[in-house]
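Right, one structure below, let's go through it.
The values are calculated or read from the model by the stated rules, or taken from the named source; none is laboratory data. Being a predicted model, the structure only gives us computed values, none of them experimental. Quick reminder, even Gly has a Cβ in these numbers, built from the backbone with ideal geometry, and neighbours come from all protein chains shown.
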Amino acid sequence: MSSLQTWPLWEIFIRARGGLDHKHVGSIHAVDATMALEHARDVYTRRQEGVSIWVARSTDIVASDPADAAELFEPARDKVYRHPTFYEIPDEVKTL
Amino acid sequence: MSEALRIDYVLQLADSSLILGQRLGEWVGHAPALEEDLGLANTALDLIGQARLLLTYAGELEGRGRDEDQLAFLREEAEFRNVTLVEQPNRDFGHTIVRQVLFDAYQLELFERLQSSSDGRLAAVAAKAVKETRYHLRYSGSWLVRLGDGTGESHARVQDALERLWPFTRELFEEQPADLEICARGIGPGLAELRQAWSARLDALLTEATLTRPADAPYRWFGRRGVHSEHLGYILAEMQYLQRAHPGARW
């Protein structure tokens, strides 16, 4: 499996239907973007999972540091007023 | 024209897809990478799907009550009508890719034309299959370019595979009296015109892959008439074993 050690990793995002957003579904190995799209098609859309594919080099993803989780995410915990749950919805509005 | 010619033509299309699908299936679990494993398996399943539709149709035309399974699993070697190219062994990945490119380019030109066949069933099968085949050629063609225009070793291997497989392409376009009649009735395309289109498509790919097109050589096999190379018997032994050992066995 020496090929896999030299083929870079790509993150795969699939749009399930028109109008929906692309969702991360996993990763594959490929030597370039063209091959990454083909591999993503062959690995992740075999059961009609999608209508569009995005691929991005895994090394191009910038991730937050798990060690920073406390300062990044915990302050949001007690800010319930940020959820739009305090509005009274008029009866005339059926679908919201 | 008797219906026998039409049945034979449908079987040629069906068997080429079936046997190549079976061949590609041998890669499952052995491909160079997981992604290629799935890629080859996807192509194999597309081909077997085409074969199922075509064999079912051939069985109906024949009117002897044989279904797709009986035609696939209970016919003898000499009754198979696949082109000899598709029964050639996989050998290495590059060899498999070359065989695939040669066949995909042929099948793409064929299915594009069969969409306007006077035979409505064939036209419908072709309309479905042509989309699959476009992807097959995209897959195999891009690998041909990568390997041909790759390292010294990959180039040498695919050029070698091309030399080895090239003689088998002659059969694809060798016009028989039956082919002329199929063409005259608007069932299938003329083989001379098909060859030209195939050739142009292939030349473009070979140039991009920095590969040299081999010279045409005399040809000895004719799978479409049931005269096969030594490899088909082994494929059938494996493919048909279960139905022959346990007749009527179901999944």
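When B:Arg91 is tested against (1) farther than 19 Å from B:Leu144 by Cα; (2) of a type in the set (Lys, Arg); (3) over 15 Å from the mean Cα position of the chain (by Cα), exactly one condition is not met: (1).
For region A:10-19, state whether one or more residues are away from chain B (no Cβ under 14 Å) and without any contact (Cβ under 8 Å) to a residue 12 or more places away in the chain. Taking every residue of region A:10-19 in turn, at least one turns out to be away from chain B (no Cβ under 14 Å) and without any contact (Cβ under 8 Å) to a residue 12 or more places away in the chain.
Determine if region B:47-67 includes at least one residue that is within 14 Å of another protein chain (Cβ to nearest Cβ) and surrounded by fewer than 22 Cβ atoms within 10 Å (Cβ to Cβ). Talk me through it step by step, then tell me what you get.
Going residue by residue through region B:47-67, those that are within 14 Å of another protein chain (Cβ to nearest Cβ) are B:49.
After this cut, where a residue has to be surrounded by fewer than 22 Cβ atoms within 10 Å (Cβ to Cβ) as well, the list is B:49.
Yes: region B:47-67 contains one or more residues that are within 14 Å of another protein chain (Cβ to nearest Cβ) and surrounded by fewer than 22 Cβ atoms within 10 Å (Cβ to Cβ).
Being closer than 22 Å to B:Leu108 by Cα and aliphatic (A, V, I, L, M) holds for only one residue in B:Leu242, B:Leu236, B:Leu232, B:Leu206, and it is B:Leu206.
Pairs meeting the criteria (first residue in region A:71-96 and basic (Lys, Arg), second residue assigned to a helix (DSSP H, G or I), beta carbons under 8 Å, at least 6 apart or on different chains) are A:Arg82/A:Ala76. Filtered by the rule that a residue be part of a helix (DSSP H, G or I), at pLDDT 95 or above and either in contact with a Ser or Thr (Cβ under 7 Å, 6 or more places away or on another chain) or over 26 Å from B:Glu171 (Cα atoms) (or both), region B:1-35 gives a lone residue, B:Leu24.
Does B:Thr151 count as more than 19 Å from B:Phe222 (Cβ to Cβ), polar (S, T, N, Q) and over 18 Å from the mean Cα position of the chain (by Cα)?
Values: more than 19 Å from B:Phe222 (Cβ to Cβ): yes; polar (S, T, N, Q): yes; over 18 Å from the mean Cα position of the chain (by Cα): yes.
Yes.
Kindly list the number of the only condition in (1) in contact with an Asp or Glu (Cβ under 8 Å, 6 or more places away or on another chain); (2) away from chain A (no Cβ under 14 Å); (3) of a type outside the set (A, V, I, L, M); (4) farther than 24 Å from B:Ala14 by Cβ that fails for B:Arg170. Here B:Arg170 clears every test but (4). Inspect region A:45-54 for any residue being away from chain B (no Cβ under 14 Å) and assigned to a strand (DSSP E or B) and give the result as yes or no. Yes, region A:45-54 contains at least one residue that is away from chain B (no Cβ under 14 Å) and assigned to a strand (DSSP E or B). A single entry from B:Leu172, B:Leu236, B:Leu202 fulfils the requirement of being hydrophobic (A, V, I, L, M, F, W, C) and within 24 Å of B:Ala123 (Cβ to Cβ): B:Leu172.
Total residues in region B:118-134 satisfying the condition of being touching a residue at least 60 places away in the same chain (Cβ under 8 Å), surrounded by fewer than 22 Cβ atoms within 10 Å (Cβ to Cβ) and either touching a helix residue (DSSP H, G or I) at 6+ places or on another chain (Cβ under 6 Å) or in a helix (DSSP H, G or I) (or both): the figure is 3. Scanning region A:28-44 for residues that are surrounded by 19 or more Cβ atoms within 10 Å (Cβ to Cβ) and either more than 11 Å from chain B (Cβ to nearest Cβ) or in a strand (DSSP E or B) (or both) yields A:Ile28, A:His29. Give the residue that is nearest to B:Gln50 (Cα to Cα), with candidates limited to residues of region B:150-165 that are surrounded by 15 or more Cβ atoms within 10 Å (Cβ to Cβ) and either among the β-branched types (Val, Ile, Thr) or in contact with a helix residue (DSSP H, G or I) (Cβ under 7 Å, 6 or more places away or on another chain) (or both). Only one residue fits best here, namely B:Leu165.
A single member of B:Glu163, B:Glu175, B:Glu109, B:Glu132 is of a type in the set (Asp, Glu) and within 14 Å of chain A (Cβ to nearest Cβ), and it is B:Glu132.
Within the bounds of region B:93-109, is there any residue that is part of a loop (DSSP other than H, G, I, E, B) and surrounded by fewer than 24 Cβ atoms within 10 Å (Cβ to Cβ)? If you could, list the steps in order and put the result at the bottom.
Quick first cut of region B:93-109, residues part of a loop (DSSP other than H, G, I, E, B) only: none.
Scanning region B:93-109 turns up no residue that is part of a loop (DSSP other than H, G, I, E, B) and surrounded by fewer than 24 Cβ atoms within 10 Å (Cβ to Cβ).
Within region B:7-46, the set of residues being within 14 Å of another protein chain (Cβ to nearest Cβ) and touching a residue at least 60 places away in the same chain (Cβ under 8 Å) comprises B:Leu24, B:Trp27, B:Ala31, B:Pro32, B:Gly39, B:Thr43, B:Asp46.
For residues in region A:59-96 being small (Gly, Ala, Ser) and exposed (fewer than 10 other Cβ atoms within 10 Å of the Cβ), which is nearest to A:Ser27 (Cα to Cα)? In this case the residue turns out to be A:Ala63.
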